[in-house]
Amino acid sequence: MSDSQLPSGETTPYAPPGTVDVQPQTTTVDYNNPVYHQNQYLIRRKFFKIFGASFHIYDMDGNLAFFSKQKAFKLKEDIRVFGDQAMTSELLCIKARGVIDLGMTYDVIDSTTQQVIGSLRRKGLKSIIRDSWVINDVNDQEFGTIQEESGALAILRRFLGGPIVQMLAPQKYNGYIGDVPVLEFTQNRNPFVQKIQLDYGPDVNSLLDRRLGIAAAALLCAVEGRQS
């Protein structure tokens, strides 16, 4: 697979819903670019990394669409998404609101405009048994969910040997806006090489901001990946 830097544009069709105090890179991104609106992506987590974690997100043609890096030695989770592996164009910032917590909320910020896109909240106690996330709007109002597909398999992964179950039945998540499906995350069968297929195919009406989907993929790799 070859790495490629995203082209620059001039405008974004997303309305600016709110702001937070972040220091963005000086860059402008065209969200009309097809790289943001493909139906499928492949996220691969770099396994042998001592400090922090990094994730490559490839488009359907095998080209690098995004590069995500988790900052090491941070009490508060801090994940950045770039348009290139050289990290010259920061696109998204995913920041925890507090120190590590089972029910943590992560703000998703467009680094090019300093605008909040929404947030992702992990359902703490529920996720001990079955991974479950809430998608919030900029006012912290829940409008979507992401949940591990099978509760029974989730229990097996937690308590009876995750790698074995993973090879037999790969982990899968479904995302919804209300009751309408908008995405699917499917992990590969190899428990030692973490890959996640992100499929926006169910979102035929484009209900979900694609940036939230990319942020959710990075969080699943970073947060859920520690317990798989």
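Nothing in this text is a laboratory measurement; each read-out follows from the coordinates by a stated rule. Since this is a predicted model, take the numbers as computed values, not measurements. All Cβ positions, glycine included, derive from the backbone under ideal geometry; neighbour counts span all protein chains shown.
By average Cβ neighbour count within 10 Å, what is the ranking of 86-96, 138-148 from highest down? Write out the running numbers ahead of the final one.
Details: 86-96: 19.2, 138-148: 16.6.
Ranking the peptides 86-96, 138-148 by packing returns 86-96, 138-148.
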Please work out how much length the chain gains when fully extended from Gln114 to Ile177, using 0.36 nm per residue of separation minus the C-alpha to C-alpha distance, in nm with one decimal.
20.2 nm
Which FRET efficiency value, to the nearest 0.05, do you get for Lys71 and Asn139 by plugging their Cβ-Cβ distance into 1/(1 + (r/R0)^6) with R0 = 22 Å?
0.20
Highest mean first, what order results for 197-208, 104-115 on Cβ atoms within 10 Å?
104-115, 197-208
Above-threshold pairs, the threshold being 21 Å between Cα atoms, out of Lys69/Lys123; Lys76/Lys195; Lys69/Lys95; Lys69/Lys195; Lys172/Lys195
Lys69/Lys123; Lys76/Lys195
